[in-house]
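Worksheet: one structure, shown below.
The values are calculated or read from the model by the stated rules, or taken from the named source; none is laboratory data. Quantities reported herein were computed from a predicted structural model and do not represent experimental measurements. Don't worry about glycine lacking a Cβ; one is built from the backbone with ideal geometry, like all the others, and counts go over all protein chains shown. Calculation scope for accessible area: heavy atoms of the full protein, side chains included, ligands and nucleic acids excluded. Shrake-Rupley method; radii C 1.70, N 1.55, O 1.52, S 1.80 Å.
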Amino acid sequence: MLTNFRNSFFGACCLLFAGCATTPQTTLYDKLGGEPGIHNIVENLVQEIGRDEQVFHYFAQSRVSRFKENLIEHFCAISDGPCQYTGDNMVDIHTGMNINERDFNHLVDLLINAMDDEGIPHRIQNQLIARLAPLREEIIYR
Amino acid sequence: MRHILLLLTLTFTSQLYAADGKLLATPGISQIEGAGGGGFVPWAQLAGYGSRDEIAANVFCSGANVDDYDLHVCGAQATFYDRVEFSVAKQKFHVDALNLNIKQHVLGVKARLYGDIVYSRFPQISLGIQHKKLDDPTVAYLLGADEDSGTDVYLAASKLHLGAIGGYNWLWNITARSTEANQTGLLGFGSAERGNQREIVLEASTAILFGRHLALGVEYRQKPDNLGLKEDDWSNVFVAWFPNKVISLTAAWLDLGEIAGAKNQKGAYFSVTGYF
């Protein structure tokens, strides 16, 4: 009887603490709409790039499906989602592309359009851009 | 009228070519002495949307109307490869009490020494000079100024923090200026009585960007008081609208303190910059 009580007491405690530990800590990943949200953002971005004269040539040789998968995984990982980025590193991907500053910023504008289309609020957009911004030096003029 | 002409010119020529390599709103606007900056303060950003591979040219006009004075400025900047900015500005300062205009020309150069306000880890740093010359120094000399021309040297640091304040982008700029100008040079330079008056003053701006197109901010500009006329520091509250990378419109409320014996000079300010 006592043991039962103890067990259930500890059980309750465990539940309680476990409950605390998983209290919804909203990640940026959640704010971006989780897996479907990020999927749509990347889908929109690919559409934007496909229509864009200024930067399309950088992507003309890419395999669209692989590009999408890698970008979804990257956005997921960088926004604290349940993913690990398994793609190549930024320097390797962009070496030889010689992306300049202007085109990089234009791509940021396209990403903003893509997020606008998915209804991501301005303040959430800024948080994703803030996490991607430090990668710029590994991307441009390579 | 001048503003309308400027707008029309902009609308037509912008169709031809415009530097657009920076993110919207990040270059700021044009300050009263012609440099890229806020309204009063030259910022570390170079004027216009030219990136490292582009040349940018901009034109601007600004008008301020406080209790006993008006200031009208028009000018232009040319920026090369986001490395160096050249600027010219022509100022007309109307003194209501005397019903006369004081005119001053300002030539400026600014070089980016380090960084990018959005992407570099540390703030963008630029070094600039502004050479100023009065057309007619009569008023300046009457008030006791020593010279009719002078040169300011300034060092500016600026940073945009992405999503920093409640998710909004936050910009700040601090500028240290070595100057001997009285009321930015409109009342001459130095003091005939006290000789060389060069000193270092601090200027600062900060703004929050509410969305991609709208910035709300404040500025502060410390001023020397060479003439013993209780020259006050300047401050303003501004709202700037960037509908696209071709034009920006700014409105501000100014507090200029005491100017040559006239106390409490407050009023409105409007500015338009066109970017090519």
Round to the nearest 10 and report in Å² the accessible area of residue B:170, as given by a 1.4 Å probe over the protein chains' heavy atoms. 80
Measure nothing fancy, just the Cα-based angle from helix B:2-13's long axis to the longest principal axis of chain B, in degrees from 0 to 90, nearest 10. 30
Kirkwood Rh and Cα Rg combined as Rg/Rh, region B:188-245: 1.21
Quick one: 3J(HN,Hα) in Hz for region B:262-276, Karplus 6.51/-1.76/1.60 with θ = phi - 60°, rounded, Gly and Pro as x. 9, 7, 6, 7, 10, x, 9, 9, 10, 8, 10, 10, x, 10, 10
Which sequence of A:102, B:121 reflects their accessible areas, 1.4 Å probe, from the largest down? B:121, A:102
Tell me, in nm to one decimal, what length is gained between residue B:194 and residue B:251 on full extension, where the rule is 0.36 nm per residue of separation less the Cα-Cα distance? 16.7 nm
Over all directions, what mean area does the Cα convex hull of the protein assembly as shown project, stated in square nanometres? 27.1
What is the pair-distance distribution P(r) of region B:75-178, computed from all Cα-Cα distances in 5 Å bins starting at 0, with each bin given as a whole percent? 3, 11, 15, 17, 15, 12, 10, 8, 6, 3, 0
From other protein chains only, count the Cβ atoms within 10 Å of every residue's Cβ in A:78-91, then give the mean. 0
Given an 8 Å cut-off on Cα distances and at least 6 residues of separation, report the relative contact order of region B:2-275 as a percent. 16
Could you give P(r) for region B:2-275, binned at 10 Å from zero, as whole percent values over all Cα-Cα pairs? 7, 31, 37, 19, 5, 0
Listed by chain and number, the residues whose amide H is under 5 Å from that of residue B:26, excluding neighbours fewer than 5 places away on the same chain and using placed H, are none
What does the average come to when, for each residue of peptide A:131-137, you count the partner chain Cβ atoms lying within 10 Å of its Cβ? 3
If you roll a 1.4 Å probe over the protein assembly as shown with all protein chains in place, what percent of the accessible area is carbon or sulfur? 60
Residue-by-residue Karplus 3J(HN,Hα) for region B:85-93, coefficients 6.51, -1.76, 1.60, Hz, glycine and proline x: 10, 10, 9, 10, 8, 10, 10, 10, 10
In nm, spacing of pseudo-spin labels at residue B:149 and residue A:86 (7 Å Cα→C-beta vector): 7.0
Given H placed 1.01 Å from N in the peptide plane, which residues other than close sequence neighbours of residue B:192 have an amide H under 5 Å from its amide H? B:145, B:146
What are the ³J(HN,Hα) values, in whole Hz, obtained from phi via the Karplus relation 6.51 cos²θ - 1.76 cosθ + 1.60 with θ = phi - 60°, for each residue of region B:59-69 in sequence order, with x given for Gly and Pro? 10, 8, 9, 9, x, 10, 9, 10, 3, 10, 9
Report, in whole Å, the centroid distance computed from the Cα atoms of region A:40-115 and region B:138-171. 39
Here the whole-number average of other chain Cβ atoms within 10 Å per Cβ of B:204-211 is 1
With unit charges on the beta carbon (Lys/Arg positive, Asp/Glu negative), name the residue among B:241, B:201, B:186 whose Cα is farthest towards the positive pole of the charge dipole of region B:186-247. B:241
The long-range amide H neighbours of residue B:116, using H built 1.01 Å from N in the peptide plane and a cut-off of under 5 Å, are B:124
For region A:28-138, what relative contact order do you get, as a whole percent, if you take Cα pairs closer than 8 Å and at least 6 residues apart? 39
Counting DSSP beta bridges in the protein assembly as shown, what percent are antiparallel, to the nearest 5? 100
Quickly estimate the mean residue ellipticity at 222 nm for chain B, helices only: each DSSP H run with n ≥ 4 gives -39500 (n - 2.57), and the total goes over all residues, rounded to 500. -1500 deg cm²/dmol
When ligands, DNA and RNA are left out and all protein chains stay put, how many square angstrom of accessible area per residue does the protein assembly as shown have with a 1.4 Å probe? 47
Hey, with R₀ at 22 Å, roughly what FRET efficiency would residue B:206 and residue B:239 work out to, going by the Cβ-Cβ distance, to 0.05? 0.95
